[in-house]
Amino acid sequence: MEFVRFAENLATFVDVARAGSFSAVARRKGQVASSVARQIDALEREMGVALFTRSTRALVRTEAGDLLFERATRILQELNETRDAVTALEQGVSGRLRVACLPAFARRHVVPHLGSLYAQYPGLTVELELTDRVVDPVLERFDVVIRVGQQADSSLIARRIASQRYIVCATPAYLQAHGRPLHAEELAHHRLIDRAHSTSMRGWREVLRPAHAASAAFAMECDDCDARRLSVLQGLGIALMPDWSVGED
């Protein structure tokens, strides 16, 4: 409370120094002049110096008053700016947002929405890390982490934004040339495009029986969904793709 009272008296001192009288400040604050004068008296007692030379005709700052006015003006301005900056954090979205996401998912479902995000929150800066690894949002200071698949038990807040399905993908030209497989065992006679290394998505080896997977011909293995999708479009073979990675470009 002592500091609060000191800050209030300091603000009153700056007002009086600018106005040149107790009465002008008192009228603006809805107080009597003697109340304003008591605040200045209290400030002078606390600091042990006279801040004004007082007479019936004028109120003049002393040397100590000049020094205090210069520094107090700067301090009070910084306090106001600090208050405004902190208040703005609650009133609007601004600052840096660190996001980690799978590369293919980000390219198709995050980056296309950044324009509308910036239009709504122009004070926001997005730092987007595209990675397949499982990041630690606490140690690496990520605000948002978008992952696919089952998540480990954690005290972190998690929210499901969608469910994932898998789609068997091939071009009409490939199916016309090699036939349309109707059963899993028939895939052993086709060129397959599979995911590699990723632990967040399923591939042919997790879907097919071991005997079928062992006899299958893998035309390409890649840990990037976009690369597998493009390989399908080139007619390299049949891929098992998450539904969010396919569709119209």
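A few remarks follow.
- Counting only DSSP beta bridges whose two residues both lie in the chain, roughly 30 percent are antiparallel.
- Once the Cα-Cα distance is subtracted from the 0.36 nm per residue extended length, the Thr53 to Val207 segment shows a gain of 46.4 nm.
- Taking a ≥ b ≥ c as the square roots of the eigenvalues of the Cα gyration tensor, region 95-146 is classed as oblate, since a/c reaches at least 1.5 and a/b does not exceed b/c.
- Counted charge near Ala100, where neighbours are those whose Cβ lies closer than 12 Å (Asp, Glu -1; Lys, Arg +1): -2
- 27 Å tail of the calculated P(r), the chain, as % of Cα pairs: 61 percent
- FRET efficiency for Ala19 and Ser94, using Cβ-Cβ distance with R0 set to 51 Å, rounded to 0.05: 0.90
- The chain - percent relative contact order, Cα under 8 Å, separation 6 or more: 14 percent
- Here the Gaussian network model covers the chain, with springs between Cα atoms less than 10 Å apart; of Asp132, Asp84, Asp226, Asp84 fluctuates the most.
- For the chain, the residue among His190, Ala19, Gly48 whose Cα projects farthest onto the positive side of the dipole built from Cβ charges is Ala19.
- Peptide packing for 145-151, 161-167, 73-79 was compared via the average number of neighbouring C-beta atoms within 10 Å per residue; ordered from the highest value, the list is 145-151, 73-79, 161-167.
- Orientation-averaged projection of region 2-91 equals 6.6 nm² [convex hull of Cα atoms, one quarter of hull surface area].
Here, each number is a calculation from the coordinates, and none is a lab measurement. A quick note: this is a predicted structure, and the numbers were derived from the prediction, not measured. So basically every Cβ, Gly included, is an ideal-geometry build from the backbone, and we count neighbours across all protein chains shown.
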